[in-house]
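A quick write-up on the structure given underneath.
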Amino acid sequence: MKTFEIVKNLMKEHNITKQTDLARIIYKKDKIDTNERVKVSSYLADMVKFPDDALKAIAEHFSVSLDFLNGMDDSKTKLVPIVGTASCGSCDINTLQDTSLKVSVPEIDWNKNLYAVIANGDSMATELYDGDKAIIDPNVKPVNGDIVYYKIDDEAAIKVLVIDKEAYIMQFVPYNHSDCFKTRTIRLDDEDTMNRLICHKVVDIVNNKRNNRAARLKM
């Protein structure tokens, strides 16, 4: 399959029907001029090959590899819905507005219950950076030391699960501690909170940037 066909398939899978929307992905801006629209039309018509910078932008947006876009990756993938954002800092409410977003995972790792959230903050660096997508499997029971996504009412975050049976507490601990990056503690006998708690294991992470130098230098 040729690159332009692969890109068209990705657009179809993600419900992108307008070439202008693909242009916004490629040029990373909202206002697209006529020349840019013509270029994207020529790419999709296979009149001109996609330039490298356009392929990089498309690969980053759809969370696929450049090999995949160039038709050199035969591995099959399936889409997982992105259901919201999760704080990797203080405990914030969900800020996701676009409910149609999806992320690709290898077909061998897929099941129908998988979902994803977008990390918001850097309290889990270097494991998980701001903007990364955490793949979550509610079928897998999290155990002590797992990275988990937890939710209590409107509060949602990604942290490390620590269970202290002697102290009879459950804690959600960030990698990096500060006044903003705090540990959340719940008593195991707090039935009201435990009944409202959702705690699922993070089974994979899709990096927002393939080489996240900027995030590492920031940390």
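Observations, loosely collected:
- Whole-Hz couplings from phi, Karplus 6.51/-1.76/1.60, listed for region 160-166; x for Gly and Pro: 8, 7, 10, 10, 10, 5, 5
- Largest-first principal axis extents, alpha carbons of the chain, Å: 67, 35, 27
- Annotation: amide H of L101 within the under-5 Å range of I82, sequence separation 5 or more or interchain, hydrogens built in the peptide plane.
- Relative packing of 157-164, 109-116, which averages over residues the other C-beta atoms within 10 Å, highest first: 157-164, 109-116
- In this structure the amide hydrogen of K78, modeled in the peptide plane, comes within under 5 Å of the amide hydrogens of V105, E107, none closer than 5 places in sequence on its chain.
- Applying 1/(1 + (r/R0)^6) with r as the Cβ-Cβ distance of D204 and T34 and R0 = 45 angstrom yields a FRET efficiency of 0.65.
- Crossing angle, helix 52-62 versus the chain [Cα axis fit, 0-90 degrees, rounded to tens]: 40
- Karplus 3J(HN,Hα) series, Hz, for region 110-120 with 6.51 cos²θ - 1.76 cosθ + 1.60 (x for Gly, Pro): 7, 9, 5, 9, 4, 8, 9, 9, 9, 5, 10
- Checking the cross-link pairs K28/K78; K78/K133; K2/K56 against a 23 Å limit on the alpha carbon distance flags K28/K78 as lying beyond it.
- Distance from the Cα centroid of region 187-207 to that of region 42-72 is 38 Å (rounded to whole angstrom).
- The gain in end-to-end length when the V173 to D154 segment is fully stretched comes to 5.0 nm, 0.36 nm per residue minus the alpha carbon separation.
- For V202, residues with placed amide H under 5 Å, excluding near neighbours: I147, V148, Y149
- Residues of type lysines that K182 reaches as a straight line, Cα spacing below 17 Å, ignoring anything fewer than 8 places off in the same chain: K151, K159
- Computed E for I108/D146 - FRET, C-beta separation, R0 22 angstrom, nearest 0.05: 0.55
Here, each number is a calculation from the coordinates, and none is a lab measurement. The shown structure was predicted, so the numbers you read here are calculated from the model rather than taken from an experiment. Note that we place each Cβ from the backbone using ideal geometry, even for glycine, and neighbour counts take in every protein chain shown.
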